[in-house]
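Working notes for the structure below.
The values are calculated or read from the model by the stated rules, or taken from the named source; none is laboratory data. Keep in mind that what you see is a predicted model, and the values were worked out from it rather than measured. Heads up, the Cβs are rebuilt from the backbone with ideal geometry, glycines too, and the neighbour counts pull from every protein chain shown. Accessible surface is based on the protein model in full, side chains and every heavy atom, while ligands, DNA and RNA are left aside. Shrake-Rupley method; radii C 1.70, N 1.55, O 1.52, S 1.80 Å.
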Amino acid sequence: RFGSPARCPSPAMESADRDFGWEDVGSSAGSSVAGGGGGSGASPVGAVGGAMSEMTGVPDVVTSAMVNHFAREISKGSLSLWPQFIGAGRRYFNVTHGYVVRKLAWQLLPLSSTKKKSGDGELGGEKDWASRIVEGLEADIEEPDMYMPLMGFVTYVLLCGLVKGLQEQFHPDVLSATMTFALVLLVVEATVVKAVMFTAGAVNTPTVDLIALLAYKYVYLSMVLIFGLLIGHGHRPAGFLYSLVSLGLVTSCGVALWQALRRLARMQPAHGQACVSDVHSLVIKVVPVGQAFVFWLLLPSWPKEAAVPLAEKVASIAVAAAVDAPAAVVETTTTLAEIATTTLQALADAASAGAA
(Lines give C-alpha, C1' and ligand atoms only; values in the text may rest on other atoms or scores of the structure.)
Protein backbone atom coordinates (compact mmCIF):
# COMPACT_ATOMS: atom_id res chain seq x y z
CA ARG A 1 0.00 0.00 0.00
CA PHE A 2 1.05 3.55 -0.77
CA GLY A 3 1.43 5.57 2.38
CA SER A 4 2.14 2.65 4.73
CA PRO A 5 5.07 3.35 7.07
CA ALA A 6 8.38 1.74 6.18
CA ARG A 7 9.33 -1.24 8.27
CA CYS A 8 12.56 -1.04 10.28
CA PRO A 9 14.71 -4.12 10.82
CA SER A 10 14.33 -5.78 14.20
CA PRO A 11 17.14 -5.28 16.78
CA ALA A 12 17.89 -9.00 16.74
CA MET A 13 18.43 -9.03 13.00
CA GLU A 14 20.43 -5.84 13.16
CA SER A 15 22.73 -7.21 15.89
CA ALA A 16 23.15 -10.47 14.00
CA ASP A 17 24.12 -8.61 10.85
CA ARG A 18 26.53 -6.46 12.81
CA ASP A 19 28.16 -9.50 14.41
CA PHE A 20 28.47 -11.22 11.07
CA GLY A 21 30.19 -8.20 9.61
CA TRP A 22 27.73 -7.42 6.86
CA GLU A 23 27.55 -3.77 7.91
CA ASP A 24 30.80 -3.38 6.00
CA VAL A 25 29.09 -4.30 2.77
CA GLY A 26 27.32 -0.99 2.42
CA SER A 27 30.30 1.06 3.51
CA SER A 28 32.61 -0.87 1.23
CA ALA A 29 30.19 -0.53 -1.62
CA GLY A 30 29.88 3.21 -1.07
CA SER A 31 33.60 3.67 -0.86
CA SER A 32 34.15 1.58 -3.99
CA VAL A 33 31.57 3.60 -5.93
CA ALA A 34 32.85 6.95 -4.64
CA GLY A 35 36.51 6.10 -5.02
CA GLY A 36 36.26 4.35 -8.35
CA GLY A 37 39.18 2.10 -8.96
CA GLY A 38 40.96 3.15 -5.72
CA GLY A 39 44.47 4.46 -5.42
CA SER A 40 47.58 3.94 -3.46
CA GLY A 41 45.67 4.37 -0.15
CA ALA A 42 43.91 0.99 -0.39
CA SER A 43 43.94 -1.00 2.86
CA PRO A 44 45.59 -4.41 3.16
CA VAL A 45 42.18 -5.99 3.81
CA GLY A 46 40.92 -4.50 0.56
CA ALA A 47 43.92 -5.85 -1.27
CA VAL A 48 43.30 -9.31 0.16
CA GLY A 49 39.64 -9.06 -0.74
CA GLY A 50 40.50 -8.01 -4.28
CA ALA A 51 42.88 -10.92 -4.71
CA MET A 52 40.27 -13.36 -3.39
CA SER A 53 37.62 -11.90 -5.69
CA GLU A 54 39.87 -12.38 -8.69
CA MET A 55 40.42 -16.04 -7.78
CA THR A 56 36.86 -16.93 -6.77
CA GLY A 57 34.78 -14.54 -8.80
CA VAL A 58 33.02 -13.18 -5.69
CA PRO A 59 32.44 -9.38 -5.69
CA ASP A 60 34.94 -7.22 -3.80
CA VAL A 61 32.33 -5.99 -1.34
CA VAL A 62 31.35 -9.46 -0.14
CA THR A 63 34.96 -10.64 0.00
CA SER A 64 36.06 -7.64 2.05
CA ALA A 65 33.19 -8.17 4.48
CA MET A 66 34.16 -11.82 4.94
CA VAL A 67 37.82 -10.97 5.51
CA ASN A 68 36.92 -8.29 8.07
CA HIS A 69 34.60 -10.69 9.87
CA PHE A 70 37.19 -13.48 10.12
CA ALA A 71 39.88 -11.02 11.25
CA ARG A 72 37.65 -9.78 14.08
CA GLU A 73 36.79 -13.32 15.15
CA ILE A 74 40.43 -14.43 15.22
CA SER A 75 41.56 -11.39 17.19
CA LYS A 76 38.64 -11.73 19.59
CA GLY A 77 39.42 -15.41 20.28
CA SER A 78 43.18 -14.94 20.73
CA LEU A 79 42.83 -11.93 23.00
CA SER A 80 40.21 -13.63 25.15
CA LEU A 81 42.69 -16.44 25.98
CA TRP A 82 45.44 -14.04 27.05
CA PRO A 83 43.91 -13.01 30.43
CA GLN A 84 43.33 -16.68 31.28
CA PHE A 85 46.96 -17.48 30.47
CA ILE A 86 48.21 -14.60 32.62
CA GLY A 87 45.95 -15.61 35.50
CA ALA A 88 47.15 -19.22 35.40
CA GLY A 89 50.81 -18.22 35.17
CA ARG A 90 50.55 -15.75 38.05
CA ARG A 91 49.68 -18.60 40.38
CA TYR A 92 52.99 -20.36 39.69
CA PHE A 93 55.29 -17.33 39.49
CA ASN A 94 53.98 -15.31 42.44
CA VAL A 95 57.01 -15.85 44.70
CA THR A 96 59.22 -13.67 46.91
CA HIS A 97 62.91 -13.80 47.80
CA GLY A 98 62.08 -15.10 51.26
CA TYR A 99 59.93 -17.86 49.84
CA VAL A 100 62.66 -18.91 47.39
CA VAL A 101 65.19 -19.22 50.23
CA ARG A 102 62.72 -21.15 52.38
CA LYS A 103 61.69 -23.41 49.51
CA LEU A 104 65.30 -24.13 48.58
CA ALA A 105 66.09 -25.05 52.19
CA TRP A 106 63.06 -27.35 52.25
CA GLN A 107 64.10 -28.98 48.98
CA LEU A 108 67.48 -29.82 50.51
CA LEU A 109 65.91 -31.08 53.74
CA PRO A 110 62.32 -32.09 52.84
CA LEU A 111 60.84 -32.74 56.26
CA SER A 112 57.16 -32.51 57.12
CA SER A 113 56.24 -28.87 57.57
CA THR A 114 55.20 -27.95 61.11
CA LYS A 115 55.05 -24.20 60.46
CA LYS A 116 51.71 -22.64 61.35
CA LYS A 117 50.27 -20.46 58.64
CA SER A 118 50.32 -16.78 59.51
CA GLY A 119 46.91 -15.18 59.84
CA ASP A 120 45.27 -18.63 59.89
CA GLY A 121 44.62 -18.31 56.16
CA GLU A 122 42.58 -15.11 56.42
CA LEU A 123 42.76 -12.54 53.67
CA GLY A 124 43.39 -9.70 56.08
CA GLY A 125 45.89 -11.53 58.26
CA GLU A 126 49.53 -10.51 58.54
CA LYS A 127 51.65 -12.66 56.21
CA ASP A 128 55.12 -14.01 56.82
CA TRP A 129 57.98 -12.68 54.69
CA ALA A 130 58.82 -16.23 53.56
CA SER A 131 55.26 -17.21 52.69
CA ARG A 132 53.71 -17.60 49.26
CA ILE A 133 50.23 -16.22 48.64
CA VAL A 134 47.97 -17.99 46.16
CA GLU A 135 44.53 -16.49 45.56
CA GLY A 136 44.71 -14.59 48.83
CA LEU A 137 45.68 -17.61 50.95
CA GLU A 138 49.05 -18.79 52.18
CA ALA A 139 50.20 -21.88 50.30
CA ASP A 140 51.87 -24.89 51.85
CA ILE A 141 55.57 -25.40 51.34
CA GLU A 142 54.82 -28.53 49.28
CA GLU A 143 52.84 -26.49 46.74
CA PRO A 144 54.75 -26.44 43.43
CA ASP A 145 55.80 -23.27 41.69
CA MET A 146 57.35 -22.75 38.27
CA TYR A 147 59.96 -20.13 39.16
CA MET A 148 62.52 -22.42 40.78
CA PRO A 149 62.16 -25.26 38.21
CA LEU A 150 62.53 -22.76 35.36
CA MET A 151 65.64 -21.16 36.87
CA GLY A 152 67.05 -24.61 37.61
CA PHE A 153 66.40 -25.72 34.03
CA VAL A 154 68.16 -22.70 32.53
CA THR A 155 71.12 -23.14 34.90
CA TYR A 156 71.33 -26.83 34.04
CA VAL A 157 71.46 -26.13 30.29
CA LEU A 158 74.20 -23.51 30.72
CA LEU A 159 76.27 -25.79 32.97
CA CYS A 160 76.03 -28.60 30.42
CA GLY A 161 77.40 -26.18 27.84
CA LEU A 162 80.24 -25.30 30.21
CA VAL A 163 81.12 -28.96 30.70
CA LYS A 164 81.22 -29.45 26.93
CA GLY A 165 83.40 -26.35 26.61
CA LEU A 166 85.93 -27.83 29.01
CA GLN A 167 86.18 -30.79 26.62
CA GLU A 168 86.69 -28.35 23.71
CA GLN A 169 83.50 -29.74 22.16
CA PHE A 170 81.23 -26.72 22.58
CA HIS A 171 79.21 -25.33 19.68
CA PRO A 172 75.87 -23.49 19.67
CA ASP A 173 73.95 -26.67 18.90
CA VAL A 174 74.96 -28.10 22.28
CA LEU A 175 72.57 -25.80 24.14
CA SER A 176 69.63 -26.50 21.82
CA ALA A 177 70.28 -30.25 21.87
CA THR A 178 70.51 -30.31 25.67
CA MET A 179 67.34 -28.25 26.03
CA THR A 180 65.42 -30.42 23.57
CA PHE A 181 66.50 -33.67 25.23
CA ALA A 182 65.62 -32.39 28.70
CA LEU A 183 62.20 -31.08 27.62
CA VAL A 184 61.28 -34.24 25.70
CA LEU A 185 62.33 -36.39 28.65
CA LEU A 186 60.26 -34.20 31.00
CA VAL A 187 57.17 -34.46 28.79
CA VAL A 188 57.52 -38.24 28.48
CA GLU A 189 58.06 -38.58 32.21
CA ALA A 190 55.05 -36.38 33.02
CA THR A 191 52.86 -38.35 30.60
CA VAL A 192 53.85 -41.66 32.16
CA VAL A 193 53.35 -40.39 35.72
CA LYS A 194 50.01 -38.83 34.78
CA ALA A 195 48.80 -42.14 33.36
CA VAL A 196 50.02 -44.05 36.40
CA MET A 197 48.38 -41.57 38.79
CA PHE A 198 45.14 -41.82 36.82
CA THR A 199 45.27 -45.60 37.10
CA ALA A 200 45.91 -45.27 40.83
CA GLY A 201 42.72 -43.24 41.24
CA ALA A 202 44.12 -39.68 41.26
CA VAL A 203 42.08 -38.66 38.23
CA ASN A 204 42.12 -34.96 39.16
CA THR A 205 45.90 -34.60 39.24
CA PRO A 206 46.74 -31.26 37.53
CA THR A 207 49.18 -31.72 34.67
CA VAL A 208 50.92 -28.38 35.26
CA ASP A 209 51.47 -29.17 38.94
CA LEU A 210 52.86 -32.57 38.02
CA ILE A 211 55.28 -31.06 35.49
CA ALA A 212 56.42 -28.49 38.06
CA LEU A 213 57.05 -31.18 40.69
CA LEU A 214 59.04 -33.31 38.25
CA ALA A 215 61.02 -30.30 37.02
CA TYR A 216 62.49 -29.62 40.45
CA LYS A 217 65.14 -32.21 39.60
CA TYR A 218 66.94 -29.59 37.49
CA VAL A 219 67.66 -27.61 40.66
CA TYR A 220 69.41 -30.65 42.13
CA LEU A 221 71.21 -31.36 38.86
CA SER A 222 72.56 -27.80 38.83
CA MET A 223 73.86 -28.24 42.37
CA VAL A 224 75.59 -31.51 41.46
CA LEU A 225 77.24 -29.96 38.39
CA ILE A 226 78.43 -26.88 40.30
CA PHE A 227 79.89 -29.00 43.10
CA GLY A 228 81.50 -31.36 40.57
CA LEU A 229 83.14 -28.47 38.70
CA LEU A 230 84.51 -27.04 41.93
CA ILE A 231 85.86 -30.26 43.39
CA GLY A 232 87.13 -31.68 40.09
CA HIS A 233 88.78 -28.45 38.85
CA GLY A 234 87.15 -28.88 35.45
CA HIS A 235 87.75 -32.64 35.19
CA ARG A 236 85.80 -35.70 36.20
CA PRO A 237 85.09 -35.39 39.94
CA ALA A 238 85.99 -38.36 42.07
CA GLY A 239 86.29 -39.23 45.69
CA PHE A 240 84.08 -40.04 48.63
CA LEU A 241 82.94 -36.45 49.18
CA TYR A 242 81.51 -36.05 45.66
CA SER A 243 79.74 -39.41 45.84
CA LEU A 244 78.26 -38.52 49.23
CA VAL A 245 76.97 -35.12 48.09
CA SER A 246 75.50 -36.57 44.87
CA LEU A 247 73.75 -39.35 46.77
CA GLY A 248 72.38 -36.86 49.28
CA LEU A 249 70.98 -34.57 46.56
CA VAL A 250 69.35 -37.46 44.71
CA THR A 251 67.79 -38.65 47.96
CA SER A 252 66.50 -35.16 48.75
CA CYS A 253 64.98 -34.94 45.25
CA GLY A 254 63.07 -38.19 45.71
CA VAL A 255 61.92 -37.44 49.27
CA ALA A 256 60.70 -33.95 48.32
CA LEU A 257 58.64 -35.40 45.46
CA TRP A 258 57.24 -38.07 47.75
CA GLN A 259 56.25 -35.47 50.35
CA ALA A 260 54.42 -33.41 47.71
CA LEU A 261 52.57 -36.40 46.21
CA ARG A 262 51.65 -37.58 49.69
CA ARG A 263 50.44 -34.32 51.20
CA LEU A 264 48.79 -32.40 48.34
CA ALA A 265 45.05 -33.07 48.32
CA ARG A 266 44.66 -32.89 44.54
CA MET A 267 47.23 -35.67 44.15
CA GLN A 268 45.13 -38.09 46.19
CA PRO A 269 42.73 -40.71 44.77
CA ALA A 270 39.23 -39.48 44.11
CA HIS A 271 37.63 -42.76 45.20
CA GLY A 272 37.66 -44.28 48.65
CA GLN A 273 38.20 -47.93 47.78
CA ALA A 274 40.90 -49.65 49.77
CA CYS A 275 42.48 -51.23 46.70
CA VAL A 276 42.83 -47.83 44.99
CA SER A 277 44.41 -46.34 48.10
CA ASP A 278 46.93 -49.17 48.30
CA VAL A 279 47.90 -48.76 44.65
CA HIS A 280 48.22 -45.00 45.10
CA SER A 281 50.48 -45.38 48.14
CA LEU A 282 52.69 -47.72 46.11
CA VAL A 283 52.78 -45.38 43.11
CA ILE A 284 53.84 -42.31 45.11
CA LYS A 285 56.78 -44.34 46.41
CA VAL A 286 57.86 -45.83 43.08
CA VAL A 287 57.78 -42.52 41.17
CA PRO A 288 60.32 -40.78 43.47
CA VAL A 289 62.62 -43.81 43.30
CA GLY A 290 62.52 -43.60 39.50
CA GLN A 291 63.92 -40.07 39.71
CA ALA A 292 67.35 -41.59 40.33
CA PHE A 293 67.36 -43.18 36.87
CA VAL A 294 66.20 -39.97 35.19
CA PHE A 295 68.82 -38.09 37.19
CA TRP A 296 71.52 -40.37 35.81
CA LEU A 297 70.27 -39.91 32.24
CA LEU A 298 70.46 -36.13 32.51
CA LEU A 299 73.99 -35.95 33.91
CA PRO A 300 76.50 -34.96 31.20
CA SER A 301 79.73 -36.83 30.55
CA TRP A 302 82.58 -35.24 32.47
CA PRO A 303 85.89 -34.41 30.72
CA LYS A 304 88.53 -37.01 31.40
CA GLU A 305 91.88 -36.20 32.94
CA ALA A 306 94.22 -34.97 30.21
CA ALA A 307 97.39 -36.95 29.49
CA VAL A 308 100.49 -35.32 31.01
CA PRO A 309 103.11 -34.41 28.34
CA LEU A 310 106.67 -35.73 28.60
CA ALA A 311 108.10 -32.31 29.48
CA GLU A 312 105.71 -31.99 32.40
CA LYS A 313 106.67 -35.47 33.60
CA VAL A 314 110.38 -34.55 33.44
CA ALA A 315 109.69 -31.33 35.31
CA SER A 316 107.76 -33.18 38.01
CA ILE A 317 110.62 -35.69 38.40
CA ALA A 318 113.08 -32.81 38.70
CA VAL A 319 110.92 -31.15 41.33
CA ALA A 320 110.71 -34.40 43.28
CA ALA A 321 114.48 -34.81 43.06
CA ALA A 322 114.94 -31.25 44.30
CA VAL A 323 112.72 -31.97 47.25
CA ASP A 324 114.76 -35.07 48.21
CA ALA A 325 118.13 -33.49 47.36
CA PRO A 326 119.11 -31.85 50.72
CA ALA A 327 119.81 -35.14 52.49
CA ALA A 328 121.91 -36.44 49.59
CA VAL A 329 123.84 -33.16 49.38
CA VAL A 330 124.63 -33.22 53.10
CA GLU A 331 125.90 -36.80 52.93
CA THR A 332 128.01 -36.08 49.86
CA THR A 333 129.47 -32.94 51.41
CA THR A 334 130.43 -34.83 54.60
CA THR A 335 132.16 -37.54 52.58
CA LEU A 336 134.14 -34.99 50.55
CA ALA A 337 135.17 -33.18 53.70
CA GLU A 338 136.49 -36.38 55.23
CA ILE A 339 138.46 -37.18 52.05
CA ALA A 340 139.95 -33.67 51.99
CA THR A 341 140.98 -33.88 55.66
CA THR A 342 142.67 -37.24 55.14
CA THR A 343 144.57 -35.96 52.10
CA LEU A 344 145.80 -32.85 53.84
CA GLN A 345 146.99 -34.89 56.84
CA ALA A 346 148.91 -37.20 54.54
CA LEU A 347 150.58 -34.27 52.77
CA ALA A 348 151.54 -32.71 56.09
CA ASP A 349 153.14 -35.93 57.29
CA ALA A 350 155.07 -36.27 54.05
CA ALA A 351 156.39 -32.71 54.28
CA SER A 352 157.58 -33.15 57.88
CA ALA A 353 159.35 -36.40 57.00
CA GLY A 354 161.20 -34.74 54.10
CA ALA A 355 162.40 -31.86 56.27
CA ALA A 356 163.79 -34.25 58.82
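Being at pLDDT 85 or above, closer than 19 Å to residue 300 by Cβ and of a type in the set (A, V, I, L, M, F, W, C) is the requirement here; does residue 181 meet it? Before you say what the answer is, go through the steps one by one.
On the way: at pLDDT 85 or above: yes; closer than 19 Å to residue 300 by Cβ: yes; of a type in the set (A, V, I, L, M, F, W, C): yes.
Considered against the rule, which asks whether it is at pLDDT 85 or above, closer than 19 Å to residue 300 by Cβ and of a type in the set (A, V, I, L, M, F, W, C), residue 181 comes out as yes.
This table checks each residue for (1) surrounded by fewer than 21 Cβ atoms within 10 Å (Cβ to Cβ); (2) touching a His at 6+ places or on another chain (Cβ under 7 Å); (3) in contact (Cβ under 8 Å) with a residue 60 or more places away in the chain.
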position: 202; (1), (2), (3): no, yes, yes
position: 207; (1), (2), (3): yes, no, no
position: 213; (1), (2), (3): no, no, yes
position: 221; (1), (2), (3): no, no, yes
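Test residue 248 against the stated conditions and say whether it is out of contact with any Asp or Glu (no Cβ under 8 Å at 6 or more places or on another chain), buried (at least 21 other Cβ atoms within 10 Å of the Cβ) and not charged (D, E, K, R). Quick ask: steps written out before the conclusion?
Details: out of contact with any Asp or Glu (no Cβ under 8 Å at 6 or more places or on another chain): yes; buried (at least 21 other Cβ atoms within 10 Å of the Cβ): no; not charged (D, E, K, R): yes.
Considered against the rule, which asks whether it is out of contact with any Asp or Glu (no Cβ under 8 Å at 6 or more places or on another chain), buried (at least 21 other Cβ atoms within 10 Å of the Cβ) and not charged (D, E, K, R), residue 248 comes out as no.
Among the numbered criteria (1) in contact with a Lys or Arg (Cβ under 8 Å, 6 or more places away or on another chain); (2) open to solvent by 50 Å² or more (accessible area, probe 1.4 Å); (3) part of a loop (DSSP other than H, G, I, E, B), which one does residue 258 miss?
Here residue 258 clears every test but (3).
Suppose we filter segment 138-175 for residues that are in a loop (DSSP other than H, G, I, E, B) and either of a type in the set (D, E, K, R) or buried (at least 17 other Cβ atoms within 10 Å of the Cβ) (or both); how many remain?
Going through segment 138-175, the residues in a loop (DSSP other than H, G, I, E, B) turn out to be 139-146, 167-172.
Still in the list and also either of a type in the set (D, E, K, R) or buried (at least 17 other Cβ atoms within 10 Å of the Cβ) (or both): 139-146, 168.
Qualifying residue count for the region: 9.
Any idea which of (1) at pLDDT 90 or above; (2) exposed (fewer than 11 other Cβ atoms within 10 Å of the Cβ); (3) of a type outside the set (Lys, Arg) is the one residue 306 doesn't satisfy?
If we test residue 306 against (1) at pLDDT 90 or above; (2) exposed (fewer than 11 other Cβ atoms within 10 Å of the Cβ); (3) of a type outside the set (Lys, Arg), just (1) comes out false.
Mind checking whether some residue in segment 186-196 is surrounded by fewer than 14 Cβ atoms within 10 Å (Cβ to Cβ) and among the small types (Gly, Ala, Ser)? Lay out the reasoning, then the answer.
As a first pass, look at segment 186-196 and keep what is surrounded by fewer than 14 Cβ atoms within 10 Å (Cβ to Cβ): 187-188, 191-192, 195.
So of that shortlist, the ones also among the small types (Gly, Ala, Ser) come out as 195.
Checking segment 186-196: at least one residue is surrounded by fewer than 14 Cβ atoms within 10 Å (Cβ to Cβ) and among the small types (Gly, Ala, Ser).
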